[in-house]
Amino acid sequence: MTIYHWLLGQPYQDNALFVKIDEGQSIYRLLFDCGENTISNLPQTEIMRIDHLFFSHFHLDHVADLDRFIRLNYNRPEKPVHIWGPPGTLEKIFNRLNSFTWNLLSDAGARWFIHEAGEGSLKHFLLLARDQFKKAYLQKEEPVADAILSLPAFKVFAATLDHKIPVLGFKVKETPRKKINVAQLEQLRLPPGPWIKTLKDDAVADEKELKINGRRYNVGFLRKELLTILRGNSLCYLTDFIFPQNDGGRLIQWIKNCDVLYCESQYLAEDLPLAEKNFHLTVQQAAWLANQANVGKLFIFHFSQRYKDLPPLTFLKQAQMTFRRSFLPGPWEKI
C-alpha cells in the first residue's frame, strides 16, 4: 500500500489536503478541508470519487469550496458521501444543503452520512436525497477511544486542538502488512499456495496444523519462519490551533514518528505575539513540534496573507533552522 498526498491551493490563500491510499485492489480518496479554489483544480471525476471528506472546523477559509463538492456529489447513488467533523458538523452541512431547492430528487438514491467526533464520542447521522435532505436520522452514538474510522486498509484518528473553538487534527495510518519471506520459503522447500492466506489470517490460532505436500506443519512455526510484518505508512494533518500548553507533550505523543506531517505555519517566528493572539502557530513552533515528535517529513502551509509579498522560501528557511526535514509543497518551491 502507498499513501499519496497533495496540498491543494496556493500560498497565502486557502488550502486543503487530498490523499489517495492505494492498496492494490482499491483506491481510497480522502479530502481534508475544502477551502476556496482548492478542489477546483481537481478533475471532476476525482471529486466525484472522494470517499471521505474531513473538516477540521468550519471557518470560511476551510469550507468555501463545499458548494462545488455538493454540486458534483449531491446525487451519487453508487456510493454514499461521508463527511466528518467536530461537534456541530451536522447542523452546518444540513443548513448548507437546505439552502438549495431539491424538488426534483424524489427518486434519488444518494445517501449522505455525517459523522461528528467529540471528545471520546462519535455520532453518526444519515441524510437522504429523496427526502430533499430535510430530515436527519441519528444512526448511532458511540464512545470512541481509538480510530474514528476503521477500514481494512487504514484507520483515521482525530485529536481535538484549540482555536478558541474545537478543531480536529487528523492522522491516517495504514494497516501493517504481512509479507512472506520468499527466500525462507524456498529454503524450507515449501510451494506457494492458498495455505499462505491461512498464515496471514489472525483468526487462525498458532496451534492449528496445515498439511503441505503430505507433511504437517504447525501454523505458529510457519508464521515465525515465513512472515514479516511491515509497518504501515502514516500521515498527520494539523491546522488552526494555538501552541499547546505544557510544551505540547500530549500532541507530540499523538504525532510521534509520523512519516509525513502537514502543519499550519501561519506566522513567522518574529510575530509570535500575533500567533498567540489569533490562536495560530508560528513556523518555528510547527518545526519544533515536528522535531520533538521525530516525524519523517514536515510540510508547512497555511501562511498568513500579511506575508504575501515574501517568497514562501522565507517560511521554509525558518522551519529548517529548527527541523532540517522541512519542506514546502512541491509547486510552492518555485514561487
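Tabulated data for the structure shown
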| item | result |
| --- | --- |
| Pairs, first touching a residue at least 12 places away in the same chain (Cβ under 8 Å) and of a type in the set (S, T, Y) in the range 1-26, second open to solvent by 30 Å² or more (accessible area, probe 1.4 Å) and part of a strand (DSSP E or B), C-beta under 8 Å, six or more apart | T2/D22; Y4/K20; Y4/D22 |
| Sole exception among (1) in contact with a Lys or Arg (Cβ under 8 Å, 6 or more places away or on another chain); (2) farther than 26 Å from F301 by Cα for G85, by number | (2) |
| Extreme residue, least open to solvent (accessible area, probe 1.4 Å), among residues of the range 308-335 that are basic (K, R) and within 13 Å of Q10 (Cα to Cα) | K308 |
| Meets criteria (surrounded by fewer than 21 Cβ atoms within 10 Å (Cβ to Cβ), more than 23 Å from V172 (Cβ to Cβ) and in contact with a Cys (Cβ under 8 Å, 6 or more places away or on another chain)) for A64 | yes |
| Index of the failed condition, K178 passing every other in (1) without any contact (Cβ under 8 Å) to a residue 60 or more places away in the chain; (2) under 19 Å from the mean Cα position of the chain (by Cα); (3) open to solvent by less than 60 Å² (accessible area, probe 1.4 Å) | (2) |
| Of all residues in the range 181-190 being within 20 Å of I229 (Cβ to Cβ) and assigned to a loop (DSSP other than H, G, I, E, B), the one that is least open to solvent (accessible area, probe 1.4 Å) | L190 |
| Close pairs from the range 293-306: first free of Cβ contacts under 8 Å to residues at least 24 places away in the same chain, partner β-branched (V, I, T) and crowded, with 24+ Cβ neighbours inside 10 Å, Cβ under 9 Å, at least 6 apart | none |
| Criterion (open to solvent by less than 40 Å² (accessible area, probe 1.4 Å), of a type in the set (G, A, S) and more than 28 Å from D22 (Cα to Cα)) met by exactly one of A286, A290 | A286 |
| Hits in the range 39-62 (condition: within 16 Å of the chain's Cα centre (by Cα) and in a loop (DSSP other than H, G, I, E, B)) | R49, I50, D51, F55, S56, H57 |
| Enumeration of residues in the range 229-258 that are outside any helix (DSSP H, G or I), modelled with pLDDT of 85 or more and loosely packed, with under 15 Cβ neighbours inside 10 Å | K256, N257 |
| Among (1) in contact with a Ser or Thr (Cβ under 9 Å, 6 or more places away or on another chain); (2) surrounded by fewer than 18 Cβ atoms within 10 Å (Cβ to Cβ), the one test that K140 misses | (1) |
| Any hit, the range 260-269, residues being of a type in the set (S, T, Y) and out of contact with any helix residue (DSSP H, G or I) (no Cβ under 8 Å at 6 or more places or on another chain) | yes |
| Within the range 289-335, considering residues that are of a type in the set (V, I, T) and over 23 Å from W254 (Cα atoms), the one modelled with the lowest pLDDT | I335 |
| Count of the range 259-292 residues which are in a strand (DSSP E or B), free of Cβ contacts under 8 Å to residues at least 60 places away in the same chain and among the aromatic types (F, W, Y) | 1 |
| Every residue from the range 85-116 that is of a type in the set (A, V, I, L, M) and within 25 Å of the chain's Cα centre (by Cα) | L90, I93, L97, A110, I114 |
| Extreme residue, surrounded by the fewest Cβ atoms within 10 Å (Cβ to Cβ), among residues of the range 191-222 that are among the charged types (D, E, K, R) and within 30 Å of K171 (Cα to Cα) | D202 |
| Every residue from the range 152-175 that is part of a loop (DSSP other than H, G, I, E, B) and either open to solvent by 80 Å² or more (accessible area, probe 1.4 Å) or free of Cβ contacts under 8 Å to residues at least 40 places away in the same chain (or both) | P152, K164 |
| Test: residue in the range 269-279 that is under 20 Å from I165 (Cβ atoms) and crowded, with 22+ Cβ neighbours inside 10 Å | yes |
| Considering residues of the range 82-109 that are in a helix (DSSP H, G or I) and of a type in the set (S, T, N, Q) only, the residue least open to solvent (accessible area, probe 1.4 Å) | T89 |
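The values are calculated or read from the model by the stated rules, or taken from the named source; none is laboratory data. All values reported here derive from a predicted model rather than from experimental measurement. Cβ sites come from the backbone with ideal geometry, for glycine too, and all protein chains shown count toward neighbours. Heads up: the accessible areas ignore ligands, DNA and RNA and are worked out on the full protein's heavy atoms, side chains in. Shrake-Rupley method; radii C 1.70, N 1.55, O 1.52, S 1.80 Å.
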